[in-house]
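Data first, discussion second: the structure below is written as structure tokens.
The values are calculated or read from the model by the stated rules, or taken from the named source; none is laboratory data. Computed from a predicted structure; not experimentally measured. FYI the Cβ positions are ideal-geometry reconstructions off the backbone, even for glycines, and counts take in every protein chain you see. In case anyone asks, the SASA skips ligands and DNA or RNA and just uses the protein heavy atoms, side chains included. Shrake-Rupley method; radii C 1.70, N 1.55, O 1.52, S 1.80 Å.
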Amino acid sequence: MQTEYEFALPKGYLDPDGNLHRKGVMRLSTAMDEIAPLRDPRVKSNPAYATIIILSRVIVQLGALPEITPAVVEGFFAGDLNYLQNFYRQINGLIPEATKSSAT
């Protein structure tokens, strides 16, 4: 069973040193990946922040970055964040079959 999936960000993450990171790997989500953010105070004050926490947990590699933290995900361009949200839904089977072909 495949549990990790490669992706390429449309724009790329620009780190503080000016390096652009586009290629990455996302793993399948676990129940804990969905539950853990609910305990975070940032999510309690803003439920939309759960997306940031979840993505920082399931992105296992992005370019040459040593780790993916919520601060890194906060720095993604809006188009890349949208791409990753859709990619997450696709690989985890959260997109209905009828719409999968148009989402890829």
Next on the checklist: over 10 Å from the mean Cα position of the chain (by Cα), more than 18 Å from ASN86 (Cα to Cα) and open to solvent by less than 30 Å² (accessible area, probe 1.4 Å): is that true of ALA36 in this structure?
Outcome noted: yes
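Counting only residues that are of a type in the set (S, T, N, Q) and open to solvent by 70 Å² or more (accessible area, probe 1.4 Å), how many does segment 4-29 have? Walk me through it before giving the result.
Within segment 4-29, the first condition is being of a type in the set (S, T, N, Q), and the residues that meet it are 19, 29.
Narrowing further to those that are open to solvent by 70 Å² or more (accessible area, probe 1.4 Å): 19.
Looking only at that region, the number is 1.
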Next on the checklist: I'd like to check something: does segment 30-50 contain any residue that is in contact (Cβ under 8 Å) with a residue 40 or more places away in the chain, aliphatic (A, V, I, L, M) and more than 16 Å from THR3 (Cα to Cα)?
Outcome noted: no
Checklist outcome for this item: Across (1) in contact with a strand residue (DSSP E or B) (Cβ under 8 Å, 6 or more places away or on another chain); (2) free of Cβ contacts under 8 Å to residues at least 24 places away in the same chain, PHE7 clears everything bar (2)
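Residue-by-condition table, conditions (1) surrounded by fewer than 18 Cβ atoms within 10 Å (Cβ to Cβ); (2) without any contact (Cβ under 8 Å) to a residue 40 or more places away in the chain; (3) in a helix (DSSP H, G or I); (4) in contact with a Gly (Cβ under 8 Å, 6 or more places away or on another chain):
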site	(1), (2), (3), (4)
LEU55	no, yes, yes, no
PRO66	yes, yes, no, no
VAL73	no, yes, yes, no
PHE76	no, no, no, no
GLY79	yes, no, yes, no
TYR83	yes, no, yes, no
PHE87	no, no, yes, no
GLN90	yes, yes, yes, no
LEU94	yes, yes, no, no
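Mind listing whichever residues of segment 39-52 are surrounded by 13 or more Cβ atoms within 10 Å (Cβ to Cβ) and more than 19 Å from PHE77 (Cβ to Cβ)? Quick ask: steps written out before the conclusion?
Of segment 39-52, the ones surrounded by 13 or more Cβ atoms within 10 Å (Cβ to Cβ) are 40, 42-43, 49-52.
Listed by number, the residues that qualify are ASP40, ARG42, VAL43, ALA50.
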